[in-house]
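Read the structure below first, then the notes.
Please treat every number below as a calculation from the coordinates, not as lab data. The structure displayed is predicted, hence computed values, not measured ones. Virtual Cβ from ideal backbone geometry, glycine too; neighbours counted across all protein chains shown.
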Amino acid sequence: MGFWTRVFGRDGVTPNEGGSPDINPGDPNGVDMTDFDNLPEVRALPWVQPSSWSGYPADWNTPAFQSSQQRSMNNLIDLAWTCADLNTNVLATMPVYRIRNGAVMESTTWMNNPDPTIYSSWQEFSKQLFWDYQVAGEVFILSMARDSSGYPVRFRVIPPWMVNVEMVGGVRAYSIGRLDVTEDILHIRYKSTTDGARGMGPLDAAGARLVSIGLLQRYANNLAETGGIPMYWLSTDRKITPSEGRDLLESWIESRSKYPGQPAIVGSGATLNQANQINAKDMSLLELSQFNESRIAVLMGVPPFLVGLAGATGSLTYSNISDLFDFHDRSSLRPKARAVMEALSEWVLPRGQEVELNRDDYTRLPLDKRANAYKTMVEIGVLDAREIRGMERYLGENSAQALTGADTIDDPIDANPPVSPAQAQPPAQPQRMVNRRPAS
């Protein structure tokens with residue numbers, strides 16, 4: 001499968017009924033010669049991907065073959081990845097629904113799966129959508145098919161590094177390779193300016209801090225590999241030449257390797273000096289690492305405690321933890337969901353309709369508190385019992401067993417079981433009351 005086929009799909013291609021389904025019809029040898037003049041990109045040879053020479057030392061840096069944006073998205077530090085993964089996982093699992101004038105409408109097909117040819121569900125599309133939005137600072141959605149009214153009915157997320165954006169006459173123009181996709185693409189920016197073609201994300205402001213965290217992680221790895229700094233050194237009471245110093249050091253190393261655990265003998269006026277021992281916490285600069293990582297978590301809109309940064313908020317109770325989840329939803333998830341879904345609604349739905357995410361499950365109250373809230377709503381006439389059962393997923397004959405995790409669900413007893421025609425009896429006819437006069 002070619003590069004452009006992976007991006008744009010295979011619409012309009014009929015499988016060859018007389019051969020392999022991967023061969024386009026038109027030529028018995030499997031080569032279609034009818035559309036060579038309209039190829040989006042011409043390449044005489046296969047694409048050559050440069051790579052580093054196998055003889056490069058491990059410590060040498062290789063050239064930046066990929067684009068800077070692609071490298072920054074693929075080489076996130078572990079904490080930035082954790083924060084992005086937490087936000088996208090929560091947002092992707094939120095149910096999507098369509099409303100008009102405050103009333104919930106029937107779902108469309110793309111609300112279940114925007115592009116079944118590449119996605120398994122809405123959740124996979126939604127995670128890509130919000131990942132690019134917060135990590136790259138922008139997300140591109142390409143329309144693959146439209147309905148009779150002109151609105152997209154099938155679309156997919158395109159990696160930001162593949163899309164070229166330019167300001168032409170004060171308006172953004174979009175292209176993928178040589179193909180102009182301005183009319184078929186939606187560009188949602190985390191932070192934008194009127195004179196800038198691209199969007200900016202929170203990690204763009206954390207460049208120096210990301211480099212610092214990366215250096216500290218590399219320092220900790222080297223510390224673990226080399227065993228740390230030696231806790232002693234050799235000194236002499238006279239000036240020695242470099243060759244004498246190397247001979248003294250080599251003889252010391254050889255004696256320690258040959259006689260491990262035995263007393264050391266130092267001659268030639270040399271003295272063994274013991275350094276002050278530094279614990280592992282001080283050597284690894286743990287407090288500095290935690291501070292930098294906490295700032296990255298805040299930039300990503302995640303309370304540090306939620307990504308396992310110990311000591312970020314001190315001692316916590318159940319009430320404090322619940323408040324953290326509520327704060328995470330109000331300060332980070334809600335603005336992100338609102339900005340993305342409003343832009344998507346404007347692009348994919350007629351005027352007056354909106355698509356939203358249901359965030360209630362993330363900050364869902366315990367059952368006893370929900371019951372008290374439902375009771376109040378019933379008393380004031382906002383909800384009835386059937387609506388509450390639907391909100392709690394209790395509708396249906398087998399819902400209680402399924403929600404409680406029962407291994408098997410027994411069929412409910414039917415109050416009116418079906419009977420065979422032979423057993424069916426005609427209904428009894430009502431007797432007519434006839435008044436008869438007594439015979440005279």
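Here is how the numbers come out for the structure above:
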{"item": "Cα-based reach from residue 127 at 25 Å (exclusive), listing lysines while leaving out same-chain residues under 8 positions away", "result": "191, 336"}
{"item": "Rh by Kirkwood over Cα pairs, then Stokes-Einstein D for the stretch 168-212 at 0.890 mPa s and 25 °C, µm²/s", "result": "193"}
{"item": "Whether the stretch 341-384 is rounded, prolate or oblate, judged on the alpha carbon gyration tensor where a/c under 1.5 counts as rounded", "result": "oblate"}
{"item": "Length-normalised contact order for the stretch 104-193 - Cα pairs under 8 Å, 6+ apart - percent", "result": "25"}
{"item": "Burial ranking of peptide ranges 79-88, 331-340 (average Cβ count within 10 Å, highest at the top)", "result": "79-88, 331-340"}
